[in-house]
Amino acid sequence: MAIQWLRCGHHVYVVSTCIQSCAACSMLYHLLLQTVNTQQSAGVSPGQPHLLDYDFSDKKEVEKAVNDLSSVTRRGSTYVIADEAGPIHKKRFGTFCEKLLTRVPRLHLWAANCFHGHAPAGWQVEYLTRPLRSPPTVVREVDKDNIIRKGKSVRKYSKRGVPDHTDGPPVRQTCHEWSHSGDWPFNRPYDCVTCCREVASFLHSLRVGVTENVHTIPTTIASTSNRTTPPCLQWRDVLMLIETSFSTINDDIAIVKELREAGIPVRVMKDDDIEDVATAHSDVVWVTEDKRVRGLERKVVVCVRSSGNYTTNCLYSVSRCTSQLVIVSQF
């Protein structure tokens with residue numbers, strides 16, 4: 001919808017309502033920028049996207065968001081997109097919507113979230129439940145999550161509706177066991193040297209970042225120098241999501257050390273890295289807390305869990321995978 005608004009010449013405001021939605025909104029903003037640049041190259045004069053960051057954990061931020069967006073109203077209209085909207089403070093998100101509606105005569109607001117009950121009463125809601133992005137192997141793992149199984153705050157998947165050309169690569173399971181190094185079970189899988197080395201070995205087995213030298217055929221025009229083809233997978237296609245607090249993840253945990261020791265470029269996400277992570281600008285494996293990058297997807301997702309119990313929530317990390325899923329858990 002945002003692209004359609006831009007084509008009509010409107011300014012579109014992408015609104016992040018909390019730290020958990022920053023990455024998704026940043027990604028959306030940059031995708032809209034690409035659309036604008038493409039249209040301008042074709043001689044079209046579209047509108048412009050704008051990225052606004054707020055933290056609705058502070059109720060003052062709700063009022064600020066309403067004031068900011070009402071002040072940019074043009075001809076009585078404001079166009080707003082809110083991705084991963086209000087996952088933490090849904091009541092304040094509802095207040096934001098209602099207050100903005102009273103201030104903007106013709107409000108156009110589209111918001112997305114996987115949880116129910118975030119839209120104000122009476123607002124139109126659509127449920128998109130077809131699993132079109134992940135292969136069946138990943139969908140089956142998501143189906144095991146307690147939130148999905150209960151179906152109260154997140155709707156269950158419906159039928160895909162299109163044929164599955166492949167089941168997808170098998171999910172790779174790594175178990176943190178008694179025989180592993182460290183003070184088991186007090187150390188977590190992300191701090192177990194044995195588990196971390198197994199993950200590093202598996203990523204190398206996927207040939208991530210590997211390019212092949214291809215010899216060109218000598219002709220009167222082409223030279224005989226070698227050329228390289230791009231890799232099927234790059235390190236930027238891999239995302240590691242750890243089920244722990246953000247403050248626990250640093251350069252000293254074993255998963256970071258062992259990946260680096262194995263020659264894998266890895267970086268721990270900081271607050272200043274959100275744009276880089278969202279756009280996959282750097283060709284590295286990003287490591288962060290599972291809840292910090294809601295909405296982002298990668299071909300390869302390594303889900304490092306603090307428990308082997310599937311009744312705990314794995315929705316944020318497992319559902320982000322579009323191809324190869326790796327699960328490291330404690331049993």
> of a type outside the set (Phe, Trp, Tyr), open to solvent by 50 Å² or more (accessible area, probe 1.4 Å) and modelled with pLDDT of 90 or more: does that describe ASP167?
Replying inline: yes
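Of all residues in the stretch 77-95, count the ones that are open to solvent by less than 70 Å² (accessible area, probe 1.4 Å), touching a Gly at 6+ places or on another chain (Cβ under 9 Å) and either touching a residue at least 60 places away in the same chain (Cβ under 8 Å) or among the basic types (Lys, Arg) (or both). Before you say what the answer is, go through the steps one by one.
Within the stretch 77-95, the first condition is being open to solvent by less than 70 Å² (accessible area, probe 1.4 Å), and the residues that meet it are 77-87, 89, 93-95.
Filter once more, so that each one left must be touching a Gly at 6+ places or on another chain (Cβ under 9 Å): 79, 83-84, 86, 93-94.
Imposing the further condition that a residue be either touching a residue at least 60 places away in the same chain (Cβ under 8 Å) or among the basic types (Lys, Arg) (or both) reduces the set to 79, 83-84, 86, 93.
So the answer is 5.
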>> If I ask for residues that are open to solvent by 80 Å² or more (accessible area, probe 1.4 Å) and farther than 21 Å from MET27 by Cβ, which ones from the stretch 43-76 would you list?
In response: SER45, LYS59, LYS60, LYS64, SER71, ARG74, ARG75
> Here are some conditions: (1) closer than 25 Å to LEU128 by Cα; (2) surrounded by 18 or more Cβ atoms within 10 Å (Cβ to Cβ). GLU98 meets all but one. Which one does it not meet?
Replying inline: (2)
> Hey, does the stretch 191-212 have a residue that's in contact with a Ser or Thr (Cβ under 7 Å, 6 or more places away or on another chain), surrounded by fewer than 16 Cβ atoms within 10 Å (Cβ to Cβ) and at pLDDT below 85?
Replying inline: yes
>> I'm checking my understanding of the structure. Among residues of the stretch 114-145 that are open to solvent by less than 40 Å² (accessible area, probe 1.4 Å) and farther than 20 Å from GLY168 by Cβ, which one is farthest from the chain's Cα centre (by Cα)?
In response: PRO120
> Among the candidates ALA222, ALA262, ALA254, which residue alone is among the aliphatic types (A, V, I, L, M) and either modelled with pLDDT under 80 or surrounded by fewer than 12 Cβ atoms within 10 Å (Cβ to Cβ) (or both)?
Replying inline: ALA222
> Does the stretch 78-94 contain at least one residue that is at pLDDT 95 or above, farther than 28 Å from VAL154 by Cβ and hydroxyl-bearing (Ser, Thr, Tyr)?
Replying inline: yes
>> Going by what's in this entry, would THR322 be described as at pLDDT below 90, on the phi < 0 side of the Ramachandran plot and open to solvent by 20 Å² or more (accessible area, probe 1.4 Å)?
In response: no
> Restricting to the stretch 112-139, what's the tally of residues that are out of contact with any Leu (no Cβ under 8 Å at 6 or more places or on another chain) and not in a loop (DSSP other than H, G, I, E, B)?
Replying inline: 2
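Does LEU31 satisfy the condition of being open to solvent by 40 Å² or more (accessible area, probe 1.4 Å), in a strand (DSSP E or B) and under 29 Å from ASP272 (Cα atoms)? Before you say what the answer is, go through the steps one by one.
Details: open to solvent by 40 Å² or more (accessible area, probe 1.4 Å): yes; in a strand (DSSP E or B): no; under 29 Å from ASP272 (Cα atoms): yes.
In short, no.
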>> Condition first: at negative phi, at pLDDT 90 or above, among the polar types (S, T, N, Q) and open to solvent by 10 Å² or more (accessible area, probe 1.4 Å). Can you find one or more residues in the stretch 284-306 that meet it?
In response: no
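The values are calculated or read from the model by the stated rules, or taken from the named source; none is laboratory data. Here the structure is a predicted model, which means the values were calculated and not measured. No Cβ is skipped: glycine too gets one built from the backbone with ideal geometry, and neighbour counts run over all protein chains shown. With ligands, DNA and RNA removed, areas are computed over all heavy atoms of the protein, side chains included. Shrake-Rupley method; radii C 1.70, N 1.55, O 1.52, S 1.80 Å.
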